[in-house]
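Have a look at the structure below, then the notes.
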Amino acid sequence: MRASERKFEGAIEAWLLGRGGYATGDPGAFDRAFGLDPGGEVLAFVQATQPDEWRELAGRHGGKEAARANFLKRLAVELDERGTVDVLRHGVKDLGVEIRIAYFKPAHGLTPELVSRYDANRLVLVRQLAYAADETKTLDLALFLNGIPVATAELKNPLTGQNVEYAKAQYRRDRDPANVTLARRAVVHFAVDPDEVAMTTRLAGEATRFLPFNRGSEDGGGGNPFNPDGHRTAYLWEQVWVRDAWLDLLARFVHVLRPEKGSAAEKRAGTRIVFPRFHQWDVVRKLEAHGREHGAGQSYLVEHSAGSGKSNSIAWLAHRLSSLHDAEHRKVFDKVVIITDRLVLDRQLQATVYQFEHVHGVVVRIDKDSQQLADAISGEQARIIVTTLQKFPFVLDKIEALPARRYAVIVDEAHSSQTGEAAADLRRALSARSLEAAESEEAAEEAERGDGQDLLARSLAGRGLPGNLSFFAFTATPKAKTLELFGTPVGAGEERRYRPFHLYSMRQAIEEGFILDTLANYTTYKTYFRIEKAIIDDPEYDKARARRAIARFVTLHPHNLAQRAEIVVEHFRAHTAKKIGGKAKAMVVTSSRLHAVRYKLVLDRYIAEKGYGDLRTLVAFSGKVLDEGDEFTEPGMNAFPESETAERFAGDDYQVLIVAEKFQTGFDQPLLHTMYVDKVLTGLNAVQTLSRLNRIHPDKDATFVLDFRNEVEDIQRSSPAADRSTSPRPSSSPGSSTS
């Protein structure tokens, strides 16, 4: 190892041994076959914290030496079968004796015995760990908890010509993914250099996927900010790996996803560990700390981009707030209420809380009536209540009626637009005679109705924030009113502004690869036509293609949907259909329900006339549309219930989804590659609509927007300035940058 690398490792070691709460481990004491116990740490911990249980176990095994050997074998079997996380949290049973392998910090300090056992945890740092039998390969760094290697790290220094990418390559190419220590002991593996950190929870050779574990740069992008006191990545060992933070992370962050079906071997193979990204860990810890110090009556705005993992962040936060105690060991919140319409979040919460506590009934979803909600809020059993945005005003009324109790209300921005519930006031029949009238009427209704953020603002108008309640609002695109309601004030008087309590920007999410940049291949129809025309006029161009109908549409009539339908179909078949391994899908965004109905009719008619058997459409809108004496509904036009629309679109049978407001927000479909926009988009509505495309997929490397109605400058103004990594610009080809 070169001197500069030794110096980098030495700095980490010095911090963890001097200030991080670690002891030095002996790599020679490591049992490579079992993958644990340098220096007898696990037995030392058990004997120190559970002397009575150890004496009982020694007696049943016939002596201390037999107990030592047999217990280590039993522990290895349990680790293999159940995994490190479960064993650390819930211990093992050997000959009927229950033995804890770790004690995590209690919620309060009222039980000195539990505090003492927590203090007895033994954290050990081992450098150059020879981890595999009959090999000389070593890991730069391994972190042990009570004899179990819970994390490994490869450390690189650019001064030697190597960086974090070399560390990733080392894990992928030179580390056996089946090795017991790497595959069945360590919870996470870090690739580290002085500037960046990446991590993975599963080694799979060349297929190993590393995720960034960076703070974000000074200007809102990826990477890490300049550190005047040392390395940019010093936060890893100074904040994350230090004793209390690291034990807390293992106890209350790491989440294990296990398949519900299959054999024991299949379940083990399919098990996946969720380790928090830095911004998730950071926001939960900071919100918890602020809530502990300041109690109820606070407001927090968390601006986290799509792709930030908000569901996990909310689940982790909810569990912590439900057991949060202040410095005087008093409970801070009696109840945690989550406002969301995402069923997946409810399931995630149930699974997360059960892993931490092995107790059912902590999380209650309100799926009946207001009485069920009232009973849950005023009752004793449920600590976390999950309900919908529509019930938010009732929640406020009930909380105000119980001033002696304190509540944490977590508001999730995702609402019911995709199910149609949020558009319930649109279920009356629309009978506008013209497309122009329908567009005008529905634009006015949309503006008056607003979205989830508007509903929150209206619910709070005139009443203020109750003093027994703290708000934790999560959103990717906050409006000015939302910032004012929940944001952190900065400055005074005319200079007073509001900022989020915590930010994970769209730009950072794009640069870290968690979402795609939907503006990278944005083009208006005028630009699209100009590019197509140039191709057609090229003497080398195949003249047969020049007969395509698009060449006729120099100017589109504002409401000639037949023209647009032809462009949509031909563009999709020529460019989009081959994307994402031939599974790419498209969305047509329309100006009204009448537009959606007529688009569906003309698209299907054109497809049938051309005999295209490889393209089918679906439509999504709320309520009824009366058009020239005929009545249209979403279920009627699709020929199945509207509750199935999202699932059917995700399958192989349908390629194009035509929408009228519904599905423009709160809809995640990674196969969605192309969007045809036939609606005026302004402000956050533009950002939220185009963001339907940004979900990633292993075979998806770009998106494409063809806009019939808006100008580049208008869309550019709508994009959040701080997050804009690229300005809308025409792509070099009509399909995308990879056409």
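The values are calculated or read from the model by the stated rules, or taken from the named source; none is laboratory data. Model, not experiment: these values are computed from the prediction. Heads up, the Cβs are rebuilt from the backbone with ideal geometry, glycines too, and the neighbour counts pull from every protein chain shown.
Values as computed for the structure displayed
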| read-out | value |
| --- | --- |
| Filtered residue count, region 261-286, keeping only those that are over 16 Å from residue 512 (Cα atoms), in contact with a Phe, Trp or Tyr (Cβ under 8 Å, 6 or more places away or on another chain) and basic (Lys, Arg) | 1 |
| Criterion violated by residue 264 - all others in (1) more than 21 Å from the chain's Cα centre (by Cα); (2) in the same structural domain as residue 146 (by TED's automatic domain parsing) satisfied | (2) |
| Residue within region 469-478 that is touching a Gly at 6+ places or on another chain (Cβ under 8 Å), not small (Gly, Ala, Ser) and not in a helix (DSSP H, G or I) present | yes |
| Residue match in region 197-210 (condition: within 20 Å of residue 10 (Cα to Cα) and buried (at least 23 other Cβ atoms within 10 Å of the Cβ)) | yes |
| Where residue 513 falls short, out of the listed (1) at pLDDT 90 or above; (2) touching a helix residue (DSSP H, G or I) at 6+ places or on another chain (Cβ under 6 Å); (3) surrounded by fewer than 20 Cβ atoms within 10 Å (Cβ to Cβ) | (2) |
| Residue list for region 592-628, filter: of a type in the set (Gly, Ala, Ser) and crowded, with 24+ Cβ neighbours inside 10 Å | 592, 596, 620, 622 |
| So residue 349, is it buried (at least 21 other Cβ atoms within 10 Å of the Cβ) and assigned to a helix (DSSP H, G or I) | yes |
| Per-region count, region 454-479, residues in contact with a His (Cβ under 9 Å, 6 or more places away or on another chain) and either loosely packed, with under 14 Cβ neighbours inside 10 Å or at pLDDT below 80 (or both) | 1 |
| Selection status of residue 271, surrounded by 22 or more Cβ atoms within 10 Å (Cβ to Cβ) and among the β-branched types (Val, Ile, Thr) | no |
| Some residue of region 303-320 being charged (D, E, K, R) and free of Cβ contacts under 8 Å to residues at least 60 places away in the same chain | no |
| Residue that is nearest to residue 603 (Cα to Cα), among those in region 633-663 that are touching a residue at least 60 places away in the same chain (Cβ under 8 Å) and surrounded by fewer than 13 Cβ atoms within 10 Å (Cβ to Cβ) | 652 |
| Qualifying residue in region 108-123 (condition: closer than 14 Å to residue 247 by Cα, assigned to a helix (DSSP H, G or I) and of a type in the set (D, E, K, R)) | yes |
| Filter result for residue 245 (modelled with pLDDT of 95 or more and either among the charged types (D, E, K, R) or out of contact with any Leu (no Cβ under 8 Å at 6 or more places or on another chain) (or both)) | yes |
| Residue 165 being modelled with pLDDT of 95 or more, under 23 Å from residue 274 (Cα atoms), of a type in the set (Asp, Glu) and not in a strand (DSSP E or B) | yes |
| Criterion violated by residue 482 - all others in (1) in the same structural domain as residue 391 (by TED's automatic domain parsing); (2) surrounded by 20 or more Cβ atoms within 10 Å (Cβ to Cβ); (3) not small (Gly, Ala, Ser); (4) not in a helix (DSSP H, G or I) satisfied | (4) |
| Selection count where residues are out of contact with any helix residue (DSSP H, G or I) (no Cβ under 7 Å at 6 or more places or on another chain) and either closer than 28 Å to residue 183 by Cα or not hydrophobic (A, V, I, L, M, F, W, C) (or both), scope region 43-64 | 12 |
| Residues within region 75-107 that are part of a helix (DSSP H, G or I) and charged (D, E, K, R), tallied | 6 |
| Search result, residues across region 296-333 that are over 14 Å from residue 410 (Cα atoms), modelled with pLDDT under 95, crowded, with 17+ Cβ neighbours inside 10 Å and more than 15 Å from the chain's Cα centre (by Cα) | 323 |
| Per-region count, region 133-162, residues touching a strand residue (DSSP E or B) at 6+ places or on another chain (Cβ under 9 Å), buried (at least 16 other Cβ atoms within 10 Å of the Cβ) and in a loop (DSSP other than H, G, I, E, B) | 3 |
| Scan of region 51-72 for residues that are free of Cβ contacts under 8 Å to residues at least 24 places away in the same chain and over 24 Å from residue 116 (Cα atoms), ordered by number | 59, 62, 63, 64, 65, 66, 67, 69 |
